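Asks: Right, I'll just put the structure down here and ask away after.
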Amino acid sequence: MGEQMTKRTTMAVLTATAAAAGLIGLAAPAAQADGYGDTVISKVVVNGGKPVVVDTTHATTFSVSVTARDNSGIKGLSVLDLEGPAYGFAQPNSRPVCTAVNDTTSTCTAKFTFDPRADFYDNSPAGTWYVDAWADAKDGDFFTSEKAGSFKVQRHAKLTVNASPEPVKKGRTITVTGTLSRADWRIGYQKYVGVKDQSVKLQFRKKGSTKYVDVKNVKSGTNGALKTTVTASVDGYYRYTWAGLSTTAPATATGDFVDVR
């Protein structure tokens, strides 16, 4: 593939250029697939099939694997890039390494890294990303696709919980508070911010049990605040859990134990 690919995403540069040219908001061109001969890309797997979740302070490294086949065998990948919202773009940390599955098929894998402190200037990278791949066969055939595969990039989320008073008499009221927050990638601001107007489940696990059961839904308020009340009955653990959004990962708080006397 020639020179080693750079690992750092160029999202900020690309978006700034697009904005200056008045391109932001325009529909992206339709994805194209082309090729010659019998080469095909049969499978693309990103991060083991899971969304890529990014917090505010750590670089997240993940794998992208492209499986291709041709009757002569696969020589390698000429292109392996990632494209995302707001003209997001990323290249692998190093050249893809191809491993033969059999005489006709190979899987080529490379690592990518997203670092919110250097690669993201706001929250626009959250959403659907696509894999752009070009596979070359040993006999000169090839296949290329701008959307060979897709995956989600999500903002990391946190949930806290506090059940009080502790201990509490049976039949008395327990107040369960907490906060739902998620990563904010804006330059110079990178921290967790509250998420309001979200339906969050309060769950309970009886002491000695391994299973949490749903108690009620609680809507998050200003700054992601959560608050509700329940009646004390038996010893156990309370926690909040949230299903997440397409751009934000799910979150579950660590259970808070309440001693009922």
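Asks: Considering the options Thr104, Val64, Ile74, tell which one lies farthest towards the positive end of the dipole of the chain, charges being +1 on Lys and Arg and -1 on Asp and Glu at the Cβ, about the Cα centre.
Replies: Ranked along the dipole, the leading option is Val64.
Asks: OK, next. With a 1.4 Å probe and all protein chains left in place, how much accessible area per residue does segment 58-116 have, in Å²? Walk me through the numbers on the way to the answer.
Replies: Details: 2450 Å² over 59 residues.
On a per-residue basis, 42 Å².
Asks: Ordering Thr210, Thr57 by accessible area with a probe of 1.4 Å, largest first, what comes out?
Replies: Numbers: Thr210 135, Thr57 65 Å².
The most accessible residue leads, giving Thr210, Thr57.
Asks: List the trypsin sites (Lys or Arg not before Pro) in segment 60-169 that DSSP assigns to loop (not H, G, I, E or B) and whose Cβ has at most 10 other Cβ atoms within 10 Å. Which are they?
Replies: Values: sites: Arg69, Lys75, Lys111, Arg117, Lys138, Lys147, Lys152, Arg155, Lys158, Lys169; in loops: Arg117, Lys138, Lys169.
Here the trypsin sites (Lys or Arg not before Pro) that fit, given the DSSP loop and packing criteria, are Lys169.
Asks: Can you show me the helix-derived [θ] at 222 nm for the chain, built from DSSP H runs with n ≥ 4 at -39,500 (n - 2.57) apiece and divided by the number of residues, rounded to the nearest 500.
Replies: Working: 1 runs with 10 residues, N = 261.
After summing the helix terms and dividing by the residues of the chain, the value is -1000 deg cm²/dmol.
Asks: Check which residues have an amide H placed less than 5 Å from Ser42's amide H, if you skip close sequence neighbours.
Replies: Thr67, Ala68, Arg69
Asks: If I ignore ligands, DNA and RNA and count only protein heavy atoms, how much of Ser145 is accessible to a 1.4 Å probe, in Å² to the nearest 10?
Replies: Ser145 has an accessible surface of roughly 10 Å² with all protein chains in place.
Asks: To the nearest Å, what is the center-to-center distance of segment 172-224 and segment 86-110, using C-alpha atoms only?
Replies: 39 Å
Asks: If you roll a 1.4 Å probe over the chain with all protein chains in place, what percent of the accessible area is carbon or sulfur?
Replies: Values: 6660 of 13410 Å².
Whole-percent figure for carbon plus sulfur exposure: 50.
Asks: Please list, in order along segment 245-250, the HN-Hα scalar couplings obtained from phi with the Karplus expression 6.51 cos²θ - 1.76 cosθ + 1.60 (θ = phi - 60°), rounded to whole Hz, x for Gly and Pro.
Replies: Per residue, the Karplus-derived 3J(HN,Hα) values read 10, 4, 9, 9, 6, x Hz.
Asks: About its Cα centre, how strong a charge dipole does segment 172-235 have in debye, to the nearest 20, once Lys and Arg get +1 and Asp and Glu get -1 at the Cβ? It would help to have the intermediate numbers written out before the result.
Replies: Details: 13 positive and 4 negative charges, 25 e Å.
Computed charge dipole of segment 172-235: roughly 120 debye.
Asks: Nothing charged except the Cβ atoms of Lys and Arg (+1) and of Asp and Glu (-1): what's the magnitude of the dipole of the chain about its Cα centre? Round to the nearest 20 debye. Please list the in-between numbers first.
Replies: On the way: 31 positive and 23 negative charges, 410 e Å.
Charge dipole, the chain, about its Cα centre: 1980 debye, nearest 20.
The values are calculated or read from the model by the stated rules, or taken from the named source; none is laboratory data. Given the structure is predicted, the values throughout are model-derived calculations rather than measurements. As a convention, Cβ positions derive from the backbone with ideal geometry for all residues, glycine included, and neighbour counts pool all protein chains shown. Surface accessibility is based on the protein's heavy atoms, side chains included, excluding ligands, DNA and RNA. Shrake-Rupley method; radii C 1.70, N 1.55, O 1.52, S 1.80 Å.
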